[in-house]
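The values are calculated or read from the model by the stated rules, or taken from the named source; none is laboratory data. As the structure is a prediction and not an experimental result, all values here were calculated from the model. Backbone-built Cβ (ideal geometry, glycine too); neighbour counts: all protein chains shown. The accessibility values were calculated without ligands, DNA or RNA, using every heavy atom of the protein model including side chains. Shrake-Rupley method; radii C 1.70, N 1.55, O 1.52, S 1.80 Å.
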Amino acid sequence: MMAQVERAIMVDRQVDVHLIVTGLGGPLMLQDIEAPGAAVQFEAPVAITFAQDVRVTAAVTFATPPPDVFTLVLNFGIAGLSAVTVMPEPAKN
């Protein structure tokens with residue numbers, strides 16, 4: 001599995017993260033996404049098969065202003081965890 005941030009837009013205390021997750025092996029099921037110090041909402045579960053690119057959008061809400069850089073932890077259940085670094089940019093008006 002490979003995950004990359006397509007874009008991460010910050011509005012107030014929320015960062016809307018758009019990921020592209022690519023399956024590199026057998027089928028996977030993205031069950032949860034976590035970020036230290038934040039609540040993460042996304043539509044779960046997400047099925048990912050071999051050589052398939054899947055777009056995943058998550059709303060990451062912090063209690064304080066978001067950091068300049070943070071980590072999302074993608075939970076694939078028994079297949080394990082993967083981390084991706086997010087560097088949000090402010091929304092353009």
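Treating each Cα of the chain as one equal point scatterer and applying the Debye formula with no solvent, the log10 of I(q)/I(0) at q = 0.13, 0.21 Å⁻¹ comes out as -0.40, -0.98. Heavy-atom accessible surface of the range 8-57, averaged per residue, reaches 58 Å², computed with a 1.4 Å probe. For the chain, what does the relative contact order come out to in percent, with C-alpha contacts under 8 Å and a separation of six or more? Reported as a whole number, the value is 33 percent. For the chain, the share of accessible area belonging to carbon and sulfur comes to 54 percent (1.4 Å probe, ligands and nucleic acids excluded). Karplus-based coupling profile of the range 13-28, in residue order and whole Hz: 9, 10, 10, 8, 10, 10, 10, 10, 10, 10, x, 10, x, x, x, 10, with θ = phi - 60° in 6.51 cos²θ - 1.76 cosθ + 1.60 and x standing for Gly or Pro.
Applying a DSSP loop filter and a limit of 13 other Cβ atoms within 10 Å to the GluC sites (Glu not before Pro) in the chain leaves Glu43.
Could you compute how fast the range 1-51 diffuses translationally, taking Rh as the Kirkwood radius over C-alpha pairs and applying Stokes-Einstein at 4 °C with viscosity 1.567 mPa s? Give it in µm² per second. After rounding, the answer is 106 µm²/s. Taken as Cα centroids, the range 79-93 and the range 1-42 sit 6 Å apart, rounded to the nearest whole angstrom.
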